[in-house]
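Data block below; observations after.
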Amino acid sequence: MEVWHMREHLAARYPGWEKKLRKMPDDQIIAIYMRMQRAKPVESLAKYVGAGLLGYKAPEHYIYECHRCYQWFESENPDIQECRYCGADRSDMNVRPV
Ligand SMILES: [Zn+2]
(Lines give C-alpha, C1' and ligand atoms only; values in the text may rest on other atoms or scores of the structure.)
Protein backbone atom coordinates (compact mmCIF):
# COMPACT_ATOMS: atom_id res chain seq x y z
CA MET A 1 0.00 0.00 0.00
CA GLU A 2 1.26 3.45 -0.87
CA VAL A 3 1.39 6.37 1.53
CA TRP A 4 -1.30 8.46 -0.21
CA HIS A 5 -3.62 5.50 0.27
CA MET A 6 -2.75 5.29 3.98
CA ARG A 7 -3.50 9.01 4.29
CA GLU A 8 -6.95 8.41 2.84
CA HIS A 9 -7.55 5.55 5.23
CA LEU A 10 -6.57 7.73 8.17
CA ALA A 11 -8.79 10.56 6.95
CA ALA A 12 -11.70 8.12 6.85
CA ARG A 13 -10.86 6.92 10.34
CA TYR A 14 -10.25 10.30 11.96
CA PRO A 15 -12.77 12.91 10.85
CA GLY A 16 -11.43 16.45 11.26
CA TRP A 17 -7.79 15.44 10.75
CA GLU A 18 -7.75 16.24 7.03
CA LYS A 19 -5.48 19.29 7.33
CA LYS A 20 -3.12 17.56 9.72
CA LEU A 21 -2.93 14.46 7.55
CA ARG A 22 -1.94 16.41 4.44
CA LYS A 23 1.06 17.94 6.24
CA MET A 24 2.19 14.91 8.19
CA PRO A 25 5.48 13.33 7.08
CA ASP A 26 5.30 9.92 5.39
CA ASP A 27 6.99 7.99 8.21
CA GLN A 28 4.50 9.31 10.73
CA ILE A 29 1.59 8.40 8.46
CA ILE A 30 2.97 4.89 8.13
CA ALA A 31 3.40 4.56 11.91
CA ILE A 32 -0.14 5.70 12.69
CA TYR A 33 -1.55 3.55 9.94
CA MET A 34 0.21 0.46 11.28
CA ARG A 35 -1.07 1.17 14.76
CA MET A 36 -4.58 1.71 13.45
CA GLN A 37 -4.46 -1.48 11.44
CA ARG A 38 -3.56 -3.47 14.51
CA ALA A 39 -6.52 -1.97 16.34
CA LYS A 40 -9.02 -2.25 13.49
CA PRO A 41 -8.57 -4.28 10.31
CA VAL A 42 -8.36 -2.11 7.24
CA GLU A 43 -10.98 -4.09 5.29
CA SER A 44 -13.78 -2.58 7.31
CA LEU A 45 -12.65 0.90 6.24
CA ALA A 46 -12.35 0.14 2.54
CA LYS A 47 -15.77 1.53 1.71
CA TYR A 48 -14.89 4.96 3.11
CA VAL A 49 -11.71 5.26 1.16
CA GLY A 50 -13.56 5.33 -2.14
CA ALA A 51 -14.76 8.78 -1.06
CA GLY A 52 -11.17 10.08 -1.13
CA LEU A 53 -11.58 12.68 1.59
CA LEU A 54 -8.19 14.24 0.89
CA GLY A 55 -8.56 14.07 -2.84
CA TYR A 56 -5.59 11.76 -3.46
CA LYS A 57 -5.98 9.32 -6.30
CA ALA A 58 -4.07 6.45 -7.83
CA PRO A 59 -2.49 7.49 -11.12
CA GLU A 60 -4.61 6.71 -14.15
CA HIS A 61 -3.49 4.01 -16.50
CA TYR A 62 -3.99 3.76 -20.23
CA ILE A 63 -4.01 0.72 -22.44
CA TYR A 64 -2.45 1.08 -25.88
CA GLU A 65 -3.50 -1.46 -28.48
CA CYS A 66 -1.45 -1.53 -31.65
CA HIS A 67 -3.22 -2.32 -34.90
CA ARG A 68 0.04 -3.12 -36.68
CA CYS A 69 1.73 -5.67 -34.42
CA TYR A 70 -1.35 -6.57 -32.32
CA GLN A 71 0.59 -6.09 -29.09
CA TRP A 72 -0.76 -4.04 -26.23
CA PHE A 73 0.84 -2.29 -23.29
CA GLU A 74 -0.14 -0.23 -20.29
CA SER A 75 1.20 3.16 -19.24
CA GLU A 76 0.46 6.07 -16.92
CA ASN A 77 1.32 8.39 -19.76
CA PRO A 78 -1.66 9.33 -21.96
CA ASP A 79 0.56 10.91 -24.64
CA ILE A 80 2.68 8.07 -25.95
CA GLN A 81 3.24 8.63 -29.65
CA GLU A 82 4.62 5.31 -30.79
CA CYS A 83 4.13 1.61 -30.23
CA ARG A 84 6.59 0.22 -27.70
CA TYR A 85 6.99 -2.94 -29.79
CA CYS A 86 6.98 -2.02 -33.46
CA GLY A 87 7.30 1.77 -33.45
CA ALA A 88 4.01 2.31 -35.26
CA ASP A 89 2.70 5.80 -34.62
CA ARG A 90 -0.22 6.97 -32.56
CA SER A 91 -2.72 6.78 -35.41
CA ASP A 92 -2.12 3.00 -35.53
CA MET A 93 -2.93 2.60 -31.86
CA ASN A 94 -6.12 2.57 -29.92
CA VAL A 95 -5.80 4.25 -26.48
CA ARG A 96 -8.24 3.89 -23.65
CA PRO A 97 -8.18 4.50 -19.90
CA VAL A 98 -8.17 1.40 -17.70
ZN1 LIG B 1 2.96 -2.11 -32.71
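Out of the stretch 6-23, which residues are surrounded by fewer than 17 Cβ atoms within 10 Å (Cβ to Cβ) and of a type outside the set (F, W, Y)? Within the stretch 6-23, P15, G16, E18, K19, K20, R22, K23 meet the criteria.
Here is a yes/no grid of residues against (1) at pLDDT 90 or above; (2) more than 16 Å from the ligand (Cβ to nearest atom); (3) within 30 Å of H9 (Cα to Cα); (4) in a strand (DSSP E or B):
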{"site": "L45", "(1), (2), (3), (4)": "no, yes, yes, no"}
{"site": "A51", "(1), (2), (3), (4)": "no, yes, yes, no"}
{"site": "G55", "(1), (2), (3), (4)": "no, yes, yes, no"}
{"site": "A58", "(1), (2), (3), (4)": "no, yes, yes, no"}
{"site": "I63", "(1), (2), (3), (4)": "yes, no, yes, yes"}
{"site": "Y70", "(1), (2), (3), (4)": "yes, no, no, no"}
{"site": "C86", "(1), (2), (3), (4)": "yes, no, no, no"}
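Which residues, counting only those in the stretch 2-23, are touching a helix residue (DSSP H, G or I) at 6+ places or on another chain (Cβ under 8 Å) and assigned to a loop (DSSP other than H, G, I, E, B)? Result: Y14, W17.
The values are calculated or read from the model by the stated rules, or taken from the named source; none is laboratory data. Bear in mind the structure is a predicted one, so any value in this text is a computation, not a measurement. Virtual Cβ from ideal backbone geometry, glycine too; neighbours counted across all protein chains shown.
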